[in-house]
Each structure stands twice: as structure tokens, then as C-alpha cells.
Amino acid sequence: MAAKRPKETQGPPVGRRALLGMLGAGAAGLAAAPYLQHGWESVLATASQEDPTGLSGLLPNPGGFRYYSVVGSVPRKDAADYALTIDGLVDRPRTYTLADLQAMPQTRIVHDVQCTDGWRVENTPFEGVRLADLLDAAGAHAKGAAIRFTCFDGAYSESLTLEQARRSDVLVALNMQDKPITYEHGGPVRLYVAPMYFYKSAKWLSGISVTETVVPGYWEEHGYAVDGWLDGADKHRDAA
Ligand SMILES: Nc1nc2c(c(=O)[nH]1)N[C@H]1C(S)=C(S)[C@@H](COP(=O)(O)O)O[C@H]1N2
Ligand SMILES: [Mo]
């Protein structure tokens, strides 16, 4: 599968698969637990990580998706307690409820989803608020050049440059496959960065912070490319 993961080889030599392999190699067993519990489909997911041939990626699984989480348990949030905070280098920091986000103009994008593990789900609809609209409402400062995303799983994070974040194909998504995003897929709200590998699309999104420089996200600290462009992505597409 290494051939399908060119982005990973551009960073430091420790990719996700190597990290998982090392952590799983014995002494670090306890520390490894949250990593190895990569998702609810634990049998499939574990098979994928331990299968150097990548053949397990060909196993049938519902809808073609794997469920990924870097922690073993994630709180559930709904309209009653979900909150998305926008802060950092902005004029108007704000916290949005789910209802606030639902009341904003919605954009629907249909694009292929692609994970660096080799699986892909073609023509997947996502729908939600353009991140650009939220950034406009917040009024990013001139020295703000990047965005840091945080999640209510308490562990995952992601980043985009401000230019990338303003693209019209980057959503704070409320729907996936024309239904409210399920808990397993990162609901009620996840990021969706259509032109990049799916690791950029942070699940269980709870924080959007404008920063002066890019702060590498969770997998990027372990060797993933900060710019997760898919092959063939139009990197210079105009912002919204
Ligand atoms: N909070 C959080 N977001 C995440 C991840 C994660 O582990 N935690 N995994 C990423 C990776 S590597 C992929 S491929 C997709 C998987 O999304 P899915 O579980 O909805 O299929 O979520 C991305 N966003
Ligand atoms: Mo992924």
C-alpha cells in the first residue's frame, strides 16, 4: 500500500502504519491501546493496519467506509449540548449551536472520499456551512494565516492555511450522504475538506482557531503531509 500513500513519505520517516506497528510490538501494549482501537469496526481496522499487503482493504465493509478514532471513547453530542467555537486572531469570537449552523446557508458537494489507507468512496455527498462564511463572520485578523481545528474527542486536531480554508469546497459539514452525520462518522458536525485526503476532515469538530502559522495536526505530528492534496486536486482553485 506504500505506493498509494505518497504523501506520507514526504514527512518524517514515521508514518501511521509504522507508528502503529511499533506501538503494537509488545512493551508498549498499554500505551498502544487507544491507537489500536482505531474504530468501531475494530476487526477490519486492525486487519488493515497489520496487513502489509493491504489486501484487507478489499474486504467488503458497509458503504465502503471505515470508522476511525484515535481514542477509545468519544462523548456523544447533539442539538442540546453541541457547540462550535471560533476564536484566536479574530475580531468577533463566537460559539455556534447546532441550530445556529443549521440556520445558515448550506452548500452541497459531491466528491470522492479517499483515505491514505487505500480505501475510497466515490461520489459522496456532504452538505453544510462553508468554512469561509464562518471566517468572514468572525473577521480574521491580517496576521492570521492559518486555522487550527480541534475536536470534542479531546485528541484529534487538524490544520489548514487560511487560503485553503477559504476555498468553496471546504465545509463545516452537518450532512453526509444526505443524512445528518452519524456519531460514528463524526457527528453532529465534522470538517469536510473535499480536495484533500480524508484525514484532513476532522470528525467531532468543536474548535476553529485562527493562528499566525500552521500548527500541524494529529497525524501530521506522526509524519503525514500538512498539505494533504489528493492527486489531481486543483490547488489553485479560487476561494469562495
Ligand atoms: N476526530 C477524528 N477525526 C478524524 C479521524 C480521527 O481518528 N479522529 N480520522 C481521520 C481519518 S485518517 C479518516 S480516513 C477519516 C475517517 O472518517 P470516517 O470514520 O467517517 O470514515 O476521518 C478523519 N478524521
Ligand atoms: Mo484516513
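Please go through the range 80-97 and give me each residue that is in contact with a Gly (Cβ under 6 Å, 6 or more places away or on another chain) and either of a type in the set (D, E, K, R) or part of a strand (DSSP E or B) (or both), ordered by number. Across the range 80-97, the qualifying residues are 85, 90, 91, 92. Count, please, the residues in the range 114-126 that happen to be under 17 Å from residue 187 (Cα atoms) and touching a Phe, Trp or Tyr at 6+ places or on another chain (Cβ under 9 Å). Counting residues in the range 114-126 that are under 17 Å from residue 187 (Cα atoms) and touching a Phe, Trp or Tyr at 6+ places or on another chain (Cβ under 9 Å) gives 2.
Scan the range 98-129 residue by residue and report those that are in a strand (DSSP E or B) and open to solvent by less than 10 Å² (accessible area, probe 1.4 Å). Quick ask: steps written out before the conclusion?
Just the residues of the range 98-129 that are in a strand (DSSP E or B), to begin with: 107-114, 120-129.
Within the range 98-129, 113, 124, 126, 128, 129 qualify.
Checked against the criterion of being open to solvent by 10 Å² or more (accessible area, probe 1.4 Å), in contact with a Pro (Cβ under 9 Å, 6 or more places away or on another chain) and farther than 12 Å from residue 131 by Cβ, the range 158-167 contains not a single residue that satisfies it. When the range 176-196 is filtered for residues that are open to solvent by less than 10 Å² (accessible area, probe 1.4 Å), in contact (Cβ under 8 Å) with a residue 60 or more places away in the chain and in contact with a helix residue (DSSP H, G or I) (Cβ under 8 Å, 6 or more places away or on another chain), the ones remaining, listed by number, are 189, 191.
Select from the range 42-93 the residues that are at pLDDT 50 or above and of a type in the set (Val, Ile, Thr) and list them in ascending order. Residues satisfying the conditions are 70, 71, 74, 85, 86, 90. Once the range 106-129 is narrowed to residues that are within 16 Å of residue 171 (Cα to Cα) and among the hydroxyl-bearing types (Ser, Thr, Tyr), the residue that is farthest from ligand 2 (Cβ to nearest atom) is 107. Starting from the range 133-147, keep only residues that are within 9 Å of residue 90 (Cα to Cα), then list their pairs with residues that are open to solvent by 50 Å² or more (accessible area, probe 1.4 Å) and not acidic (Asp, Glu) whose Cβ atoms are within a distance under 7 Å, requiring at least 6 positions of separation or different chains. That search, which allows pairs on different chains as well, returns 135/166; 138/92; 138/93; 138/94; 139/92. State the number of residues belonging to the range 197-224 that are more than 12 Å from ligand 1 (Cβ to nearest atom) and either at pLDDT 95 or above or open to solvent by 10 Å² or more (accessible area, probe 1.4 Å) (or both). Within the range 197-224, residues that are more than 12 Å from ligand 1 (Cβ to nearest atom) and either at pLDDT 95 or above or open to solvent by 10 Å² or more (accessible area, probe 1.4 Å) (or both) number 10.
Just give me the residues in the range 60-108 being free of Cβ contacts under 8 Å to residues at least 60 places away in the same chain, within 14 Å of ligand 1 (Cβ to nearest atom) and farther than 23 Å from residue 155 by Cβ, in sequence order. 61, 62, 64, listed by residue number.
The values are calculated or read from the model by the stated rules, or taken from the named source; none is laboratory data. Remember, predicted model here, so these are calculated numbers, not experimental data. Cβ: placed from backbone, ideal geometry, glycine included. Neighbour counts: every protein chain shown. What goes into the accessible areas is simple: the full protein's heavy atoms, side chains included, and nothing from ligands, DNA or RNA. Shrake-Rupley method; radii C 1.70, N 1.55, O 1.52, S 1.80 Å.
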